[in-house]
Structures are given as structure tokens and as C-alpha cells.
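The values are calculated or read from the model by the stated rules, or taken from the named source; none is laboratory data. As the structure is a computational prediction, the values presented were derived from the model and not from experiment. Quick reminder, even Gly has a Cβ in these numbers, built from the backbone with ideal geometry, and neighbours come from all protein chains shown. These accessible areas exclude ligands, DNA and RNA; they are computed on the full protein's heavy atoms, side chains included. Shrake-Rupley method; radii C 1.70, N 1.55, O 1.52, S 1.80 Å.
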Amino acid sequence: MPRCPRPINEELYRDEWIWQEGEYTVYRNCQYTAPGCHNGCGVLHYVKDNKLVKIEGDPKGALSNGRLCMRCLAMEEMVNHPFRIYNPMKRDPAKRGDDDAWEVITWDEAYDLYVEKAEEILGKYGKKSFCILGGTGRNTTWQFAALATTVMGSPNYTFGFLSGNSCYVPRMNVCFWMGGDVMVADCAQCVEEGYDHPDYVNPEVCVIWCCNPIVSNADGFFGHWIVDLMRMGTKLIVIDPRLTWMGAQAEYYLQIKPGTDGALALGWINVIIAEDLYDHDFVEKWTYGFDQLAARAAEYPPERVAEITGIPADLIVASARRYATAKPASVQWGLKFDQFKNGFGAAMGCAALWALTGNIDVPGGNIVVNTGFISGDARRMFSGMKNTAGEEFDMTERLGQDEFVVEQMGLEPQAHPDSLLKALETGEPYPIKFLFEQSSNFLANMGADPQRLLAAVRTVDFFVVTDYYMTPTAAACADLFLPIAMSIERTGCRSMFNPTRAISPVVTTNAHTDEDIVLDIGHRLNPEGTPWANATEFWEDVLHNIRDQAGKPYYPPDFTFDDLREKMYIWEPFEYRKYEKGLLRSDGQPGFSTPTGRFEFYSLTAEAAGGDPLPHYVPEPNKTADPEAFEEYPLYLTTGRRSWEFFHSEHRHLKSMREFHPWPRVEMTQETADKYGIQEGDWVLIENPRGSVREKCVINPSMHPDTIMAEHGWWYPERRDDISGDNPFGVFDSNINQLVPMEDYGPLGYCAPYDTQMCRISKCTDYHPTYDPGY
Ligand SMILES: Nc1nc2c(c(=O)[nH]1)N[C@H]1C(S)=C(S)[C@@H](COP(=O)(O)OP(=O)(O)OC[C@H]3O[C@@H](n4cnc5c(=O)[nH]c(N)nc54)[C@H](O)[C@@H]3O)O[C@H]1N2
Ligand SMILES: Nc1nc2c(c(=O)[nH]1)N[C@H]1C(S)=C(S)[C@@H](COP(=O)(O)OP(=O)(O)OC[C@H]3O[C@@H](n4cnc5c(=O)[nH]c(N)nc54)[C@H](O)[C@@H]3O)O[C@H]1N2
Ligand SMILES: [Mo]
């Protein structure tokens, strides 16, 4: 099936990247961040008088083929919004939290101030007292690495307080440790012919596990590809505590208790081995540690797994058989593997299943994607212990290095978020005095225990925020605010396990791009470490640095950014069954890029790091583990499943999105609501020993009565009169992360319990906010 089955009107949808249509200039483009998302869909931008007037999906856009999410369709409202800030602003650090203390300044003044502060603070405390707080993969994946290392000379860039690095990093590491490379479900996204590629077959079964791809489109994976597969006949198995649209279409829907996925994975492995449904040939030739895996899995017979997970034993057995006997079969996994303390062991179990059934790097299985990851390559370029001037760069001094063996192994480029908090609070192992936030809003969303973070961050000497509007974090902590350009205002690039595509500016404003901010600072502070004149030169350098496993560059030295713009989509070379062809290892031998050269069910790297080398299950806090707490806080609380309208803490200021989704939602069954005297639409007080927040009750009959599900990322941009003080924009009214701790990560420092808290609920009678966006 072609990706876009409808005929395309060639008059309206052209191949050029720019043309005129009446009074509109039309740009065939890639829409990425800002505002945030992970994808970078193909769009047409209609522009008149330096203003975006309309956006449309591009049916020729190879990634999404004309399909767009509702946030993208609201792009015109987003980019032209009155809350956008276009001029830099500064504030006296003594007046943090005072909205009246901001002073508008020019870019030159902003950069002068930055340089003055950098020289003063870094001169006093050393370069490593500088740290960048980044967010999830937006337009800052290389920029924050470059700014920290080559420009500022500090090894410290990190997720802005995402405890336990608990997004994607754990799953990526599971892939690296067990299989040597990242793996992803194959939807023909890596080959130019798409589903028409001669080798491609759609999976007979696709397992959707800990994710909800049509809403999240996470990490370069376009969720509607699964819908394409379904139209071609693929059957689904969905593993989720809450019934999703995909769950409702599935052949097997397994309603699991949050945080018990490790037991289910071992239960499936047990059935598959006990019933001899595994791929003998693949296991014998290409894997390591099968006997130990079998012994571990034998501890998880279906009845025991049923008790742990809440899924009936016969369903566990039947679904395991279905996955193992389907040829090929894939698994698309998601965030929730990273969001309970022992998620690492569960993710190992999930990855082990791909190898056990011989579904690795085969068409329609879980493919190895060692290519095309611009952000990864760029980060390697900056954090590969060398700076751009070719000098050895000491990353071993980054925060977390002393504490976490994984950091010492050099697998993890970033500093550890919990170590950053510790450094801010104690000055150990050294003080952090200069923070730069690039695409995170930790007070509203990324960080756990935000009140604690607020106190810690206010201890620094200087705090810079780059964003396109005022956020709670900037309002409470920033001394310098640098307004960033949105996607339509910048030159950029996007690639992540799919074709590389160019982003072209279509309008100009006084906001600066993330790229330009890094380069402008670099040119002033460290010209030698900043050899690129502009973003285009930078991107060309990044592209030239992309190499295959053997170190061969993909893009010739004369390849220019305009070449990319002309082509719009470039597929880097991709082959199936690379492990057979010697394409995965730097020595050119067949096999995987692991210590044994095989896919390791028993991970020698995990063992060397002091972790459990096999897939494992360890109970999260529950009745047995903590009976006293359970008496007072009897409900399981899971947080943060994605909604169509918002990307994390963004989009709350859009009238169109709030019309669909005006308030934060906490979902529970009718039975649970009745038990606590709550009705649908009531504000609910959700509490645990760490804090309390308010969200509105939505009845969801598909959940377990023991579990409630609360949304994350909430603040109220409409409360513009309530910015000063310690609760800017009402950020602490509904931010669920006040119930989640920092420094409660899993073994090895990975994963954190955003998904597995305990709480109590009651009807909230003294909270009556109104939504009246008078803008
Ligand atoms: N619209 C939108 N899209 C986004 C984002 C956003 O904020 N908004 N955020 C982006 C980011 S950074 C990420 S990491 C991704 C995440 O996106 P996904 O990986 O898809 O993860 P979630 O949407 O958080 O959760 C997916 C499903 O997991 C279920 N779930 C909850 N707990 C458990 C559990 O313990 N076990 C199992 N098996 N399932 C569980 C939830 O009910 C939910 O349906 O989305 C990205 N895309
Ligand atoms: N309770 C709970 N908390 C969670 C989660 C959960 O599931 N439950 N999910 C967690 C996960 S997986 C993640 S990844 C984090 C995400 O957390 P973050 O990535 O920190 O997301 P935001 O809080 O929305 O902050 C991003 C900020 O960057 C700005 N921005 C957007 N695009 C750009 C850009 O291109 N450049 C710059 N400079 N700024 C930009 C936005 O306006 C916004 O203010 O949240 C985590 N928080
Ligand atoms: Mo994430």
C-alpha cells in the first residue's frame, strides 16, 4: 500500500519547496519545534505579508503524507499569539518572581549581559559551574550539547530535572546493552519506497506496549503508521491499564496494573520457551544467555503473573502464543517502561522477546536503526570527548559521574538530573552557579517535586531562560529571558529513524533561533570553539559528521543545506538483517555490537554496571511493600498519559485547545468516584504525603477501580495578573508532580516513579477557577 493512497492534485501539491499561489507564497516544509513535538511532519506553509495565514498537511510529505494533528492545524493561532515575546528582557536577580521588574533590552545588550555574567561566575567557580537544562527532543538536541561543551567549556548538560533520566534514555540503553543499537518497530519508515519496498511485509501482529502512538507520535514514530498497518491486516495486542482507541481495536487487550510490565514480559517469555515457540535458529546463532533467561522466566508461570499484573492467566498464555507464532511480529514500546523504578528490567524483558522470536532487523519486525539519528550523531560530535576544535574534552567531570557506574562507562552523554539537584542543594561535588534553560519548563512539568526545585534553582547566581512566551519557570526564576523563534522562523533539520528533512524559515521576527543564540554567544565568548558563521554552516557540518558503523560518512563533503532543501527528504542507506552482513560492528564482523557479538539476553554490560543482567521484575510500592502507607493512601496514581491538545506544558494558552480540553483531568471509574462522594466534573483534591493538587473528575469505565490517572504539565497562562510571587500562573494548583519525588530512581540511576505513586482523593469544594481568556 502506498503511504498516500489518494491521487494527488499536482496543481496544488507540488514537488518544489517554494511557489506562488495567488497572493500566497507556499513553502513545502517540515514543521518541527517550537512549539513542541517529536515529529516534524510534512506541511505546506501559506504566507502573506510576512505572516503565516494557513497550514496544511503535505500529501507528498514522506513521513506523515498529509495527516496532521490538531495542534499543528492550530499553528496559525500558535505562532501569531499575543502572548509571544519577541524582545529579550532582563531582571535583577534580587527581584526573581517579580513580574514588574522585567526590563526590555536589545539583543546586543542581552548578549553583553550574558558574557559579563559568564566571565564573572565561571571565573569565580570554574567552567563546570555552568549547566544547561534541556527538555524532551525539541529543536535543542544538539544546541544544548554544543552550548554547554564547546562554547561554555562545561561537561554539564542534562534533562531539566527529569528524575532518573526517565524518558527514552532507559529504553535506549536497554537496546544498546542487549543489542548494541537502538531498535524500533518497522513501518517501512527507513526506506524510500515505504510499504512498496520489495522486502517489506507488514507485521502479522503488532504489540502496543506502554504507549499510545496515535496521540503521542513519540521519538520520530508517526502513530498513524500503525493505522496503516491495521488497514493492511495487522492485528494488535495492546497492553495498557486504560482502554485506548487502539486497545478497543485490538485482538488482545491486556489491562495491566501499572508498573507490573516486567512480570508480564517474563510470563510471556516463559510461555514461549515452555511451549517451544521460540526461534531456535536465531537464538542458537545470534544470542547469548538463553539458558539463564529460561531459568529466570521459569519463575513466572501464568498464574503468578496473573496475580501480579491483574491479567487473567488464560489471556496471558493466549496472547503470548499469538505474538510468538505471528511472522513477522513487532513491538512498539513507550514511555511508561521508563516511569517506574524497575522499568529497566521490564524493558529488558520486552527487548528479549524480539530476539527470542527472531523478529530483530527483519522486515515488519523490530529493526536496528544505527543510522539517520542527527541529534544522536550531533551529540556524539560534541560529547565524544572532543570539542569542535578537535581538542580532547573531559566529560568525566560531569555531574553524576562519581555516583553512577553507567556514566563512568561513557554510554550516557548527559549529566544526571538528580545529581544536579544535589549539587545545587549541597554544593557537592562542586557548586553550580549558572543555569541556562533551553526547552524545559521544570516548574510546570519535567521536574518532580517542583517546590523543592524552585528553592534549589533560586540559589544560583544567574539563570537564563529561552522560550517563546512567559512560563512559570521563567516568571519565578529567570534573570534573563531570550525569546526564541518558532519552527516557521528558522533554518533547521529533523531526522530520527526516518528520512532527514530540511526546515526553512518562512517569516522573520525579532525572536532568535536556538541555533543563533548558541552561535551568537559562541562568537562573543569563544570564537575558536564556534567555527560556524551561521545555522546553515552548522547544519552542513552536522550532516557531514553523520557516519555509519564503519566510520564512513553518508553525506559527501560538498553536500550543502540547499541540496537537502531541494530534495526535501533524504533516506540514508538502510538494510535488513545487518547482523548477518557485518554491518553492525565496527570490526566489520557479523553479529551485534555487544561484548559477546551476540544479542545478549544476559547483558554483560548490565552486569559490569552492577545491575541485574537478566530481564527482571521487582514490585513497585504496593500493598505488600508498604501496608501502612496504603491504609492512608489507598489508590494507585499514574500520571501523564498524553492528550491530543497539549504537548507537555505547552498549548494551554490556545483558545482552540482549551475549548476541547479546558481543565486538567483525573480519570477514575464510577465506582471509585462514588466511593469518595465525587461526581464527574467535580474538582478533586489528590493528595499524598508530598503534596496536594486539584484536577477535574472524568469518569473512565475502562480503568481498574484501584487506579486513578492524573494529567501532567498543567498551569494557567490565562492568569496573567497572577504571575508574581511563588505560585506564578497557578502552577502549583494542578501540577501533579508535586506528588512525585526527586531522587527516588531505580537501580543504576535509571527510571523514576512518575507512573506509580499512591494517593487519596476527596471532593474539592473551595476551588472555583474560571476560564476567561480575555485575549
Ligand atoms: N500530544 C502529545 N504528544 C506527546 C507528548 C505530549 O505531551 N503530548 N509527549 C512526548 C513525550 S516526551 C513522550 S516521552 C511520549 C510518550 O508517549 P507514549 O510512549 O505513547 O506514552 P504515554 O502517552 O505517556 O502513555 C501511553 C500509555 O501507557 C499507559 N500506561 C500508563 N501506565 C502504564 C503501565 O504501567 N504499563 C502499561 N503497559 N501501560 C501504561 C497509558 O494509559 C497510556 O495509554 O509522547 C510524546 N508525544
Ligand atoms: N507527571 C508526569 N510528568 C512528566 C511526564 C509524565 O508522563 N508524567 N512526562 C515526562 C517526560 S517523558 C518528559 S520528556 C518531560 C518533558 O518536559 P519538557 O520537555 O521540559 O516540557 P515542557 O515542560 O513543556 O517545557 C518545554 C518548554 O520549552 C519551550 N519550547 C518548545 N519548543 C522549543 C524549542 O524548540 N526551543 C526552545 N528553546 N524552547 C522550546 C516550551 O514553550 C516550554 O516552555 O516531562 C516529564 N514530566
Ligand atoms: Mo518524554
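Extending 7 Å from the Cα toward the beta-carbon at both ASN534 and ARG547 defines two label points whose distance is 3.0 nm. Using heavy atoms of the protein chains and a probe of 1.4 Å, the accessible area assigned to LEU564 is about 0 Å². One decimal place: the segment ASP281-GLU10 gains 92.7 nm when fully extended, by the rule 0.36 nm per residue minus the C-alpha distance.
Relative contact order of the range 446-583: 18 percent, from C-alpha pairs under 8 Å at least 6 residues apart in sequence. Summarising the label geometry, the points placed 7 Å from Cα in the beta-carbon direction at GLU743 and THR325 lie 5.3 nm from one another.
Within the shell defined by Cβ-Cβ distances under 15 Å, the residues around ALA298 carry a net charge of -3, with Lys and Arg each +1 and Asp and Glu each -1.
Remark: accessible surface ordering of ASP186, ASP15, ASP682 (largest first) is ASP15, ASP682, ASP186, probe radius 1.4 Å. Note on the range 230-354: dipole from Cβ charges, positive end direction compared against GLN332, LEU264, ALA298; the farthest Cα belongs to GLN332.
The simple Förster model, with R0 at 45 Å and r as the Cβ-Cβ distance, assigns ALA298 and THR509 a FRET efficiency of 0.10. Measuring against 29 Å, Cα to Cα, the residue pairs LYS235/LYS336; LYS117/LYS422; LYS235/LYS675; LYS54/LYS95; LYS285/LYS327 contain LYS235/LYS675; LYS54/LYS95 as the ones spanning a longer distance.
Ordering ILE316, VAL518, ALA188 by the projection of their Cα atoms onto the charge dipole of the chain, which places +1 on the Cβ of Lys and Arg and -1 on the Cβ of Asp and Glu, puts ILE316 at the extreme positive end.
Each of the peptides 163-170, 756-763, 344-351, 301-308 was scored by the mean count of other Cβ atoms within 10 Å over its residues; in descending order, highest first, they stand as 344-351, 163-170, 756-763, 301-308.
From most to least packed by mean Cβ count within 10 Å, the peptides 507-516, 259-268, 523-532 give 259-268, 507-516, 523-532.
Sorting TYR13, TYR46 by accessible area puts them as TYR13, TYR46; the probe is 1.4 Å, largest comes first, and only protein heavy atoms count. Projected label points at PHE660 and GLU628, each 7 Å from Cα along the beta carbon direction, are separated by 4.6 nanometres. Sorting 489-495, 394-400 by average packing, meaning the other beta carbons within 10 Å per residue, from highest down gives 489-495, 394-400.
Positive-end ranking of CYS37, ALA74, TRP19 along the dipole of the range 18-79, with charges on Cβ about the Cα centre, is headed by CYS37. Taking the centroid of alpha carbons for each part, the range 253-273 and the range 39-83 are 40 Å apart. Computed extension length for GLU193-GLU23: 57.7 nm, one decimal, from 0.36 nm per residue of separation with the Cα-Cα distance subtracted. For the pair ALA313 and TYR775 in one chain, pulling the backbone fully straight at 0.36 nm per residue adds 160.8 nm over the alpha carbon distance. Solvent-accessible area of THR426, all protein chains in place: 80 Å² (probe radius 1.4 Å, heavy atoms, ligands and nucleic acids excluded).
To put it simply, the accessible area of the chain at a 1.4 Å probe is 48 percent carbon and sulfur. Under the convention that each Lys and Arg Cβ holds +1 and each Asp and Glu Cβ holds -1, the size of the dipole of the chain around its Cα centre is about 840 debye. Here the dipole of the range 627-763 is about 400 debye; that uses its Cα centre as origin and unit charges on the Cβ of Lys and Arg (positive) and Asp and Glu (negative).
Accessible area per residue for the chain, computed on protein heavy atoms with a 1.4 Å probe, is 34 Å².
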